[in-house]
C-alpha cells in the first residue's frame with residue numbers, strides 16, 4: 001500500500017517540483033517567498049516520497065485555502081481530502097477557513113461540500129497568468145464561488 005504523507009514545502013521538495021513538475025515549477029518561487037514572509041504555509045502531499053498534491057493555506061483572521069491541486073494520475077484517491085484535513089487542522093485555532101472554488105469545477109465543489117464547506121453566495125472573478133503542463137505561459141479568467149467552514 002502506498003505511503004501518503006502531508007508535509008510542508010522544504011528545499012528538497014521545492015527543487016524536485018521545480019525540476020520535474022512543469023505545472024508547479026513556475027509557482028515554486030512564489031510559494032517559497034510567501035512562506036519565508038510568513039504569509040502562507042504550502043502543504044505538500046507526498047506519495048511514497050514523491051510530491052503529488054499541494055494546498056496553500058493563507059494566514060489571516062479567517063485562513064484561506066487556495067491552489068489546491070492533485071496531479072491527474074493521483075486524483076480520486078483521497079489525496080485532496082487529506083490535504084484539506086491538514087489545512088483544517090492548522091486553521092482550527094482561527095475557528096474556520098474559507099476558499100474559492102471555480103464555478104466550472106463541480107468535482108472540486110463536491111469534494112469541499114463532502115468536507116463540510118458551505119457556499120457563502122459571494123463570487124469573485126480573477127484574471128491571472130500560469131504556466132501550463134507543457135511549459136507555456138497562459139492567461140486565464142476564473143469566477144470563484146466562496147465557501148466557508150466553521151472549525152471546532
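Considering region 114-127 alone, what residues qualify as being farther than 18 Å from residue 58 by Cα and loosely packed, with under 13 Cβ neighbours inside 10 Å?
Taking region 114-127 as the starting set, the residues that turn out to be farther than 18 Å from residue 58 by Cα are 114-116, 118-123, 125, 127.
Selection gives 114, 118, 120, 121, 122, 123, 125, 127.
Against the definition (out of contact with any helix residue (DSSP H, G or I) (no Cβ under 8 Å at 6 or more places or on another chain), outside any loop (DSSP other than H, G, I, E, B), exposed (fewer than 15 other Cβ atoms within 10 Å of the Cβ) and touching a residue at least 24 places away in the same chain (Cβ under 8 Å)), how does residue 12 come out, yes or no? Let's see the steps before the verdict.
Working: out of contact with any helix residue (DSSP H, G or I) (no Cβ under 8 Å at 6 or more places or on another chain): yes; outside any loop (DSSP other than H, G, I, E, B): yes; exposed (fewer than 15 other Cβ atoms within 10 Å of the Cβ): yes; touching a residue at least 24 places away in the same chain (Cβ under 8 Å): no.
So residue 12 fails the test.
If you go through region 58-67 and pick out every residue that is crowded, with 18+ Cβ neighbours inside 10 Å and farther than 20 Å from residue 130 by Cβ, you end up with 1.
So, of the residues in region 100-126 that are in a strand (DSSP E or B) and under 16 Å from the mean Cα position of the chain (by Cα), which turns out to be nearest to residue 138 (Cα to Cα)? Among those that are in a strand (DSSP E or B) and under 16 Å from the mean Cα position of the chain (by Cα), it is 102.
When region 59-99 is limited to residues that are assigned to a strand (DSSP E or B) and closer than 11 Å to residue 43 by Cα, the one that is modelled with the highest pLDDT turns out to be 65.
Would you check if there is a residue in region 127-149 being part of a loop (DSSP other than H, G, I, E, B) and at pLDDT 95 or above? Taking every residue of region 127-149 in turn, none turns out to be part of a loop (DSSP other than H, G, I, E, B) and at pLDDT 95 or above.
Go through region 23-45 and give me each residue that's out of contact with any helix residue (DSSP H, G or I) (no Cβ under 7 Å at 6 or more places or on another chain) and surrounded by 16 or more Cβ atoms within 10 Å (Cβ to Cβ).
23, 27, 31, 34, 35
Going through 97, 111 one at a time, which residue ends up being surrounded by 10 or more Cβ atoms within 10 Å (Cβ to Cβ) and either without any contact (Cβ under 8 Å) to a residue 40 or more places away in the chain or out of contact with any helix residue (DSSP H, G or I) (no Cβ under 9 Å at 6 or more places or on another chain) (or both)?
Numbers: 97 fails: either without any contact (Cβ under 8 Å) to a residue 40 or more places away in the chain or out of contact with any helix residue (DSSP H, G or I) (no Cβ under 9 Å at 6 or more places or on another chain) (or both).
Step by step, each of 97, 111 is checked, and only 111 is surrounded by 10 or more Cβ atoms within 10 Å (Cβ to Cβ) and either without any contact (Cβ under 8 Å) to a residue 40 or more places away in the chain or out of contact with any helix residue (DSSP H, G or I) (no Cβ under 9 Å at 6 or more places or on another chain) (or both).
Put simply, of 133, 91, 55, 87 the only residue that is touching a helix residue (DSSP H, G or I) at 6+ places or on another chain (Cβ under 8 Å), surrounded by 14 or more Cβ atoms within 10 Å (Cβ to Cβ) and touching a residue at least 12 places away in the same chain (Cβ under 8 Å) is 55.
The values are calculated or read from the model by the stated rules, or taken from the named source; none is laboratory data. Please read these numbers as outputs of a predicted model, since none were measured by experiment. Glycine gets a Cβ as well: all are built from the backbone with ideal geometry, and neighbour counts include every protein chain shown.
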